[in-house]
1. Please name all residue pairs, on different chains or six or more residues apart, with Cβ atoms under 6 Å, provided the first residue is in segment 645-658 and is on the phi < 0 side of the Ramachandran plot and the second residue is among the hydroxyl-bearing types (Ser, Thr, Tyr) and in a helix (DSSP H, G or I).
2. Pick out the one residue from LYS70, LYS3, LYS54 that is open to solvent by 30 Å² or more (accessible area, probe 1.4 Å), over 26 Å from ASP124 (Cα atoms) and either under 27 Å from the mean Cα position of the chain (by Cα) or of a type in the set (A, V, I, L, M, F, W, C) (or both).
3. With a cut-off of at least 2 residues that are within 24 Å of LEU171 (Cα to Cα), name the helices (runs of 4 or more DSSP H) lying wholly within segment 1-116.
4. Only one residue in ILE256, ILE282, ILE278, ILE327 is more than 26 Å from LEU196 (Cα to Cα) and either in contact with a Leu (Cβ under 8 Å, 6 or more places away or on another chain) or open to solvent by less than 20 Å² (accessible area, probe 1.4 Å) (or both). Which one?
5. Spot the failing condition for ASN205; the list is (1) within 18 Å of LEU339 (Cα to Cα); (2) in contact (Cβ under 8 Å) with a residue 24 or more places away in the chain, and only one is missed.
6. If you go through segment 489-527 one residue at a time, how many are without any contact (Cβ under 8 Å) to a residue 60 or more places away in the chain and under 19 Å from ASN439 (Cα atoms)?
7. Which pairs turn up if I take residues in segment 83-95 that are among the aromatic types (Phe, Trp, Tyr) and look for partners that are part of a helix (DSSP H, G or I) and open to solvent by less than 80 Å² (accessible area, probe 1.4 Å) with beta carbon separation below 7 Å, at least 6 apart in sequence or on another chain?
8. For segment 606-642, which positions are open to solvent by less than 80 Å² (accessible area, probe 1.4 Å) and free of Cβ contacts under 8 Å to residues at least 12 places away in the same chain?
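The values are calculated or read from the model by the stated rules, or taken from the named source; none is laboratory data. Because the structure is predicted, anything quoted here is derived from the model rather than measured. When we count neighbours, we look across all protein chains shown, and the Cβ atoms used for this are built from the backbone with ideal geometry, even at glycine. All accessible areas refer to the heavy atoms of the entire protein, side chains included, with ligands and DNA or RNA removed. Shrake-Rupley method; radii C 1.70, N 1.55, O 1.52, S 1.80 Å.
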Amino acid sequence: MKKLLFITWIITSGYGTEKSLLDVLNILNKEEYDISILPLFKDSNTHVYNENIKILDSLIDSTKEDYDEKNALDHYYKLLASPPLFNKLINEKYDCIIACNHNAPSYFTSYLNCDVKILWIRGDMRELDYTRLDKNSKEYKQIKQEYEMQAKVLKCFDSIAVISNVVERSLFELFGITRNVVKIPNSVDREKIDILSNEKISIPNKMLFTSVGRLDYNKNQILLLKAAKELKKYRDDFIIYLLGDGDYKAKLQQYIEDNELTQNVKLLGFVPNPYPYIKNSIATVLTSYSEGFSLALVESVMLNTPIISTDVGVANELVVKYNCGHIIHGDEKELSMVLYMYLNKPDNDKGIFNIGDDYDLTTEVKKTKFLIDETMQKVSNIKYKKLPYPEITINYSELDELKIQNDLMYVLRVVKGGVPYEYLINRRSGNDKLIVFNNGAVVGGNVTVPVFQRHSCASLLKTSSVFCMDPTLYINGSLLFGCGAGKNEDYYLENSSLILKQIIYKMGIQLSNTVIYGTSGGGYLSIIMGIYLKGASVVADNSQFILANWIYKEVLESIITFCFDNAETSLKYKERFNALDSFEKHNYIPKLYIYVNLCSHADNSTQLVPFLERLENMKNITEYNGINVILHYEPEKGHEGLDIQDAIDFLYKVLDEA
């Protein structure tokens, strides 16, 4: 039996994502899964989960008789700031821990000692985009701090589930994450809502619009009230029901009264069964600023009621796929016109949307089970341990403000255009020389990324070091090597090299005191990188030069398949696959040391000899810095590169000659 812990904000049977989680966990096989739930907050003693599901004590329980809000919050933030303390609190051992949203659930999950962790993002992460705010504002600093915390913990998770295209896109755009991401939409128990929707309700003799959700700033129901005020100038035969409670209730009620809308808008509070209202409406309206999903929209379409919504959550997916409503853009006059249009539709023109099984509860349960089982299996097969280094994530726009930390081994992640460019940095005080390492092929695949090959040798170096990760591997999990190809016109190796150039400048190191090193495919990356880091030297050990000649044909085929729309597109970028074409394009050859084992037939016949033959005919290169070929004879090694200490000694020699 698999022992699972779910960490969620709160336990409720209300609307939205918490309800979806409730439905899924109550159906998971109790003979296969031992389930516990840790709610961070508790505000009700209502029991909504099956008896086999254990509910742990919440961190903040406002139902206690002696509840003291200040003390409770102090305790909460103390736990949030202390992973060891939180680990002591959760003393059970679990096979898999699932964070049921980003922010605090993901932070606490990242603290716990467990081999398998899953993040289930059920909200809109665009709330963490601090770049849209004024840099001098208090909100900017707060949101930036939350973003940095989120970026730090995201890499702790072996799989990430998202509930909509909007969430998936924000995960990519803000954090550059595309790997190990699966989409599992929130779901609806269709049979249950069909039955509940037939409950008899009393509705005035007016055409009904329904809006379901908490009454708060984000849900933006004030927009709907303003549209109702505008609509009333033309029609008075409508009524709008707002189902839900929240801290904006008094404000909304005051607007209704001040604008003489009491006969057209009603606040019904939380309604346990909203489905008869949705079913008997001419449309369901959602006016939120942001949503991760919005279950109410799916429920509406399942009941064949059209939707009118801002472009949030799953709204656009539904409208495009099922032609079931309209997307609005936050303007009350536009919304009033759409409402007016629906009032003018014939009574029998509501529509049948045939939504299928995409959002059915049984589908979500199957996908959830597969996610848990597959992730646990994947982690048990992983060949590389996760890196023990701290991580810093910044946006590319912040690179100018970057300060490099000395005498600390850490991962710097720079997100540009949604792509994470990652560097393992060790800036040694008192030494102004640098060795840059590039990865070769990741043999066998199935690794935890980022990967920084040879990173353990940093402790052997007297110089500073930077280990580079090729983000091309994030494009598809089956790629063993990416050659920095990137995606179509977006050349990741060029971007990575130019970002690294700025990092080296921030390190206070001259490019002339820098040597770039790699073996095989890593040697190829180093040679191309040397073109962009003008002044640096390159040491390429048993390197590839012409990828079309590589004996591992399937590697190149995979790159072309996953990195380009088609093979024809890849032909536009021949300089990404051949060092000589790159030399010619940039009219530059870096100072290059080619280390080759004479006993590696593949390296000599398919790479070195064709490389040297073509070099003879390259007469138009004006910036040529010298190529040194160093041959050695080691029959037992073949394609294997130099021993690490021999490589380090040679790199020191190159730096001493600089």
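1. ALA658/SER512
2. Exactly one of LYS70, LYS3, LYS54 is open to solvent by 30 Å² or more (accessible area, probe 1.4 Å), over 26 Å from ASP124 (Cα atoms) and either under 27 Å from the mean Cα position of the chain (by Cα) or of a type in the set (A, V, I, L, M, F, W, C) (or both), namely LYS3.
3. 17-27, 104-111
4. Every option except ILE256 fails the conditions.
5. ASN205 satisfies all of (1) within 18 Å of LEU339 (Cα to Cα); (2) in contact (Cβ under 8 Å) with a residue 24 or more places away in the chain except (2).
6. 5
7. Within 7 Å, the pairs are PHE86/LEU79; PHE86/PHE108; PHE86/TYR111.
8. Residue satisfying the conditions is VAL609 alone.
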